[in-house]
Amino acid sequence: MIPGRSICSWVIAATIGAIEGLALPRALPSSPAVDLGYATYQGYYNSTYDLNIWKSVRYAAPPIGNLRWQAPQPPVPDNGQVTPAVDQPPLCPQSGAFGVPEAYGFNSGPGNEDCLYLNIYAAPNASDLPVLVWIHGGGYSVFGAVYDPSAWLNANDNGFIVVEMQYRLGAFGYLASPDIKENGQLNAGLLDQRFALEWVQQYISRFGGDPTRVTLGGESSGAGAVLHHSMAYGGEESTLFSNILASSPYLPSLYTYNDSIPIARYEAFVELAGCGLGSSELSKYAKTFDCLVAADSDLLQNASGTVSTTLGYWGSFAFLPVMDDDYIQELPSVQTMSGKIVGKRVLVGNNANEGVPLTDPTVNGKEKFDDFISKFLPLFTTQDITSLSDVYEINSLPSDDGLLYDTLGFTGPTALYQSGMATGIQQAVFNLAAETTFHCPAQWLAEAFSTDSRQAWKYQYSVTPSYHGADVTAFFSVGATLPNVDFTQTIQKIWGNFIIHDSPVISVSDATAGHSNASVPIGADGSIEWPEFTVGNPVQMNLNTTGGSVTQVSVPPYLKYYVRSGPGIVNNFNLSNLLTWEGGRGSRCDFWRMVAERVPQ
C-alpha cells in the first residue's frame, strides 16, 4: 500500500510546510467576488499583507471518468451560486521518489483526482498589473499549490499578481505508452499547465492582471515544465507568456513515449491497476485503456505510488514527461541550440548543492560508483563511461577527508570533490547528478536566450546549505526562518523587479539591505552591476551571505549540513564566468550535450 504522506519541518519540506497550520480568514459578505462567467468565486481579504486571495478556483473540468488521460476540458458552468474561494484545493494524488527516506518529504500519499484548481493573490483595486504564473515542483509527482507568496508580493509593493496552479501528477499526468498515445493524451500534466496559462489569458484581467505581461515561473520540475512550455510544439509562436523565471530547472531522462523504460513502467502500472492480461477486470472491457479509465481511483493511486517507489534509481520518479512527437518534439539539449524557443527574457538559476537530497548518498567507493552509473545512465556505452570518468576525474579524486565546507566556485577546491555536503567520490556523484539534471539545463536555457532579440540573466544560489529546493523559502518566506530576512527580501526584490520591470538589476541599497559591510558588484548608475548572459560573456551572479553564526543540522539517516543564522549576516554577491566556474563546469556541460541522446536529455 502507499505509505502515508509525511510533511517535514526541516528546510527541504518548508517548500510546502511553511503554510501548514496557518489559520485561513473566512470569507465575509464584503469579501472580493469575481464573476468568471462559468462560476463566481468569493475570496477573502488578508489585512496583514493587504491582499485579496482566492483559493480553489477551478480552471478545468475534473479529469475523471472519460477525461482520464485526456487533454483538459473547460469547467462546466455552475448553477449561478457564489462559490467560497477560501480553502486550499485538494492535492492531486502523490507518487513518491524511489529510495528516498520519508523524513525528506518526497512521499506517496492519497489525493483527489479532482484537483485542477488555481490560487490567486492580488492587491485590492489592482489594475493592469503584471502576472506571475507559478508551477510547483516535486518531480512531476508530488506537492501542490501550497506556497504563500504574500511576503514576496509585499517586498515589491504588491506590484504584481500571483497565480499558482495544480496539475495532474504521477501516472495520472504522465503515463506513457503507444496505448496512451492511441487512445488518450500523453503529457496530460503539461497540457493542464498550458490550459491554466490559457485561462490566465482569458480571465486574469478580472482580477486586475495584464495578460500581455505574464512571467511563467517555477522551481525544480516546475522550472523543467517551463523549459518544455518554451519549446512547445517545436517552438511554435505563442503569446501565453513573455518572461521566464526558472529556478533549478529539472531535466531528468526524457524518453520517447514508446521507449522500453516508459513502457515497462506502464506495464507494471497496468498490472497493479488490475487491468493486466488475463485479469477479470480486463475481460469486461474491449481494451486495456478502457479498463484503466473505469478503474477505482484508490487502486490507480496505489499503482502510481508503488511503481514510482519501486522502479528506478535513488531519487527518481517513474512518471515523467516524454517525447510525444507533438508537444515535446526534440530533446531540450538539441532544441535550445536551434533557437526554436518562445519568450523574450529569462532569469534562470541553480543552487550550489543541487545533487542533495535526490542522489544516492551511500556511494563511498569505485564499485558503488560503477553501480550508480549503471542505474543512473543505463544507455551509456563503455566509451561514454570512460569519458565520464575522465571528465569528472573519478580515478584521481582526493580521498574523503570528512571536512565539509562549500567551495568558493572560482578558486581552491571545486565541486568535483568538495562541498558542504560531502567530499571525495560521494561529492563527485552529487556534483555529476546535479550538473546533468539541473546545472547544465540552466546553462542551456540561458544560452538559448542569448540572442539579439532575447535577454538572459543567470545566477547561482549559494546560501548554505543550498541543496536542491533550499531556495524556495526565499521565494515563499511566510513562516520560514531561513535564510535571514535581509537576504530574503533582497532576493524577492530581484525576482520581483524581473517580473515587473523585465530586469533583475536592483539598486545597491536594496542589494546591500543597508549594511555597509555587505559586498555586491556596483554599477555606474546606483544599481548593482549584473550584465546580461551571452555566449561571448557567460556571466552569472553568485548570491551568497556571510557573517552570523554557523551551526550543523542533521537529518537522519544521511544528511548533515550547515546553516547560517543569528545577527550579523550580510549579503555577499559577486560575478563570475559560468564556463570556468567550479573547475570548468562549462566543459562538463559540453560533455552532457555531446552524449545527450544516451542520457537522454
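The values are calculated or read from the model by the stated rules, or taken from the named source; none is laboratory data. Remember, predicted model here, so these are calculated numbers, not experimental data. Note that each Cβ is placed from the backbone with ideal geometry, even for glycine, and that neighbours are counted across all protein chains shown.
Within region 567-593, the residues that satisfy the criterion of being part of a helix (DSSP H, G or I) and either more than 11 Å from CYS440 (Cβ to Cβ) or in contact (Cβ under 8 Å) with a residue 12 or more places away in the chain (or both) are TRP581, GLU582, GLY583, GLY584, ARG585, GLY586, SER587, ARG588, CYS589, PHE591, TRP592, ARG593. Within region 330-346, is even one residue out of contact with any helix residue (DSSP H, G or I) (no Cβ under 9 Å at 6 or more places or on another chain), free of Cβ contacts under 8 Å to residues at least 40 places away in the same chain, of a type outside the set (A, V, I, L, M) and not in a helix (DSSP H, G or I)? Looking through region 330-346, none of the residues is out of contact with any helix residue (DSSP H, G or I) (no Cβ under 9 Å at 6 or more places or on another chain), free of Cβ contacts under 8 Å to residues at least 40 places away in the same chain, of a type outside the set (A, V, I, L, M) and not in a helix (DSSP H, G or I). The residue that is farthest from THR488 (Cα to Cα), counting only those in region 532-566 that are touching a residue at least 40 places away in the same chain (Cβ under 8 Å), outside any loop (DSSP other than H, G, I, E, B) and polar (S, T, N, Q), is GLN540.
Can you find a residue that is out of contact with any Pro (no Cβ under 7 Å at 6 or more places or on another chain) and surrounded by fewer than 24 Cβ atoms within 10 Å (Cβ to Cβ) anywhere in region 210-225? Looking through region 210-225, at least one residue is out of contact with any Pro (no Cβ under 7 Å at 6 or more places or on another chain) and surrounded by fewer than 24 Cβ atoms within 10 Å (Cβ to Cβ).
Scanning region 526-546 for residues that are under 30 Å from PHE376 (Cα atoms), of a type in the set (Phe, Trp, Tyr) and surrounded by 14 or more Cβ atoms within 10 Å (Cβ to Cβ) turns up nothing. The one condition from (1) under 23 Å from the mean Cα position of the chain (by Cα); (2) within 29 Å of SER453 (Cβ to Cβ) that GLU529 does not meet is (1). For region 85-105, check the following and say yes or no: at least one residue is out of contact with any Lys or Arg (no Cβ under 9 Å at 6 or more places or on another chain), surrounded by fewer than 17 Cβ atoms within 10 Å (Cβ to Cβ) and among the hydrophobic types (A, V, I, L, M, F, W, C). No - not one qualifying residue is present in region 85-105.
Hey, among ARG585, ARG598, ARG564, which residue is touching a His at 6+ places or on another chain (Cβ under 7 Å) and modelled with pLDDT of 95 or more? Every option except ARG585 fails the conditions. Condition test on TYR417, is it surrounded by 24 or more Cβ atoms within 10 Å (Cβ to Cβ) and either touching a Pro at 6+ places or on another chain (Cβ under 6 Å) or among the aromatic types (Phe, Trp, Tyr) (or both)? Against the criterion (surrounded by 24 or more Cβ atoms within 10 Å (Cβ to Cβ) and either touching a Pro at 6+ places or on another chain (Cβ under 6 Å) or among the aromatic types (Phe, Trp, Tyr) (or both)), TYR417 qualifies. Being under 22 Å from TYR558 (Cα atoms), among the polar types (S, T, N, Q) and at pLDDT below 95 is a property that does not hold for ASN395.
Among the residues making up region 149-195, those that are among the hydrophobic types (A, V, I, L, M, F, W, C), buried (at least 24 other Cβ atoms within 10 Å of the Cβ) and under 14 Å from LEU216 (Cα atoms) are PHE160, ILE161, VAL162, VAL163, MET165, LEU190. Residues that are under 19 Å from THR488 (Cα atoms) and over 28 Å from the mean Cα position of the chain (by Cα) within region 514-526 comprise GLY514, HIS515, SER516, ASN517, ALA518, SER519, PRO521, listed in sequence order. For region 564-573, filtering for residues that are surrounded by fewer than 20 Cβ atoms within 10 Å (Cβ to Cβ) and within 25 Å of the chain's Cα centre (by Cα) leaves 0. If the condition is being surrounded by fewer than 18 Cβ atoms within 10 Å (Cβ to Cβ) and either within 19 Å of the chain's Cα centre (by Cα) or closer than 15 Å to TYR174 by Cα (or both), then region 326-339 contributes only ASP326. Scanning region 368-377 for residues that are of a type outside the set (A, V, I, L, M, F, W, C) and either within 17 Å of SER396 (Cβ to Cβ) or at pLDDT below 95 (or both) yields one hit, ASP370.
Looking only at region 506-525, which residues are under 12 Å from LEU575 (Cβ atoms) and buried (at least 18 other Cβ atoms within 10 Å of the Cβ)? Listed by number, the list holds a single entry, VAL520.
The criterion of at least 2 residues that are of a type outside the set (Gly, Ala, Ser), farther than 30 Å from VAL146 by Cα and in contact with a helix residue (DSSP H, G or I) (Cβ under 8 Å, 6 or more places away or on another chain) is met, among helices (runs of 4 or more DSSP H) falling completely within region 373-478, by 382-391, 424-434.
Residue count for region 202-225 satisfying the condition of being of a type in the set (Gly, Ala, Ser) and over 22 Å from the mean Cα position of the chain (by Cα): 3.
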